[in-house]
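Comments concern the structure below.
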Amino acid sequence: MGLAAPPARASGDSGPYYGTIVLDAGPFAAGALSERAHDLLFRYLASDAAWRVTRFGAGAAGTVVAVKREHVEGELPSEDEIAAGLGPRPPWRWTRNGFVTAAGADGSVRTTRLLIRLSPDAPPDPSWRDAAAASTAALGAARLPLRLFRGEGGALESDLVLEGPGLDVEIFESDDDPQRAFTAAAVAEARGLLQAAAAQAASGRADIDRARLTPGSVLAAERPSMRIHAENGQPGRLAVSGYVNPGRAGWIYLRLLDATTGAALEAPEESDAVEYAGWSDDPREQFYFDLPAQCRTPARTSPVVARFELWFVAAAGGAAVRRIVAIEQPVACASD
């Protein structure tokens, strides 16, 4: 993968142009992803702990995306969680906007994101994305030209967009190595997911293959569960995770209330955070979820006893909205 000569001038709002490499991705028959295969892919991603299916943008009109979560070391459950029948939390965490930053042993820093846009015709979001700096290619292309730019911290940044049948794949990478190891691996991973969905649809199988799900994605339990975690000790920044099975396709969202007064505690930017949940017809299995939350309240000297309510909205009519689970727990909120 050699670097090409720079263009006459850089485009968009990105940093200085560094060069262009060509990734040899190999042959891939993208073909037309059938509606059945698309549905199976959507359900697999919603069911797998390593992925979060959510919306970027406002309300139901937002862009539906699947974003790869950050892989971290697993956490041992507390005594209270063990008493409640909760096992270790899966080693997958949602990060803000889906970007994952990791520091190497040599002090280098890499920031990455793997995103599958499941509604490619929706307006692009978030607005900070510099479309002019993106490298675009067909999902089935064997050779992928990729432009590199110098970021603010001096790292090399690239943004690859693969356009496919009924979906797009977006891969961002920022690090010092121009060879783009993460991008190449992410291309292979995304293509593998599509191939598996197409093969399963062709076989006529009606349900997703549980054996392909990341360990920890499904919990054998007859009731939903929920637990609250502070994010790096930051007051008000919370992660709410657990296991649910709404029994049908749809999405979940969180309501955060003062357990004493009933006043809303969630910050406006988190009030519409949603996640499409895994589901099945078997009430004895529950699927992993991991939602961000931000708690804000007028200044007070003691933690707030908060009520966390998880609600479900069905994708297609019927009993459209219902509460799945609720717990109360003291939390440290940020002050207004």
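The values are calculated or read from the model by the stated rules, or taken from the named source; none is laboratory data. All values derive from a computational prediction rather than experimental measurement. So basically every Cβ, Gly included, is an ideal-geometry build from the backbone, and we count neighbours across all protein chains shown.
Table for the structure above
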item	result
Of all residues in the range 193-219 being buried (at least 16 other Cβ atoms within 10 Å of the Cβ), part of a loop (DSSP other than H, G, I, E, B) and of a type outside the set (Val, Ile, Thr), the one that is modelled with the lowest pLDDT	Gly216
Pick from the range 88-122, criterion crowded, with 19+ Cβ neighbours inside 10 Å and of a type in the set (A, V, I, L, M, F, W, C), ranking: nearest to Val72 (Cα to Cα)	Trp92
Criterion: assigned to a strand (DSSP E or B), of a type in the set (Asp, Glu) and surrounded by fewer than 22 Cβ atoms within 10 Å (Cβ to Cβ) - qualifying residue of Glu163, Glu222, Glu173, Glu189	Glu163
Residue that is modelled with the highest pLDDT [pool: residues in the range 1-35 that are over 29 Å from the mean Cα position of the chain (by Cα), farther than 20 Å from Ala184 by Cα and exposed (fewer than 12 other Cβ atoms within 10 Å of the Cβ)]	Pro16
Count of residues meeting criterion [closer than 14 Å to Arg191 by Cα and more than 24 Å from the chain's Cα centre (by Cα)] in the range 144-169	1
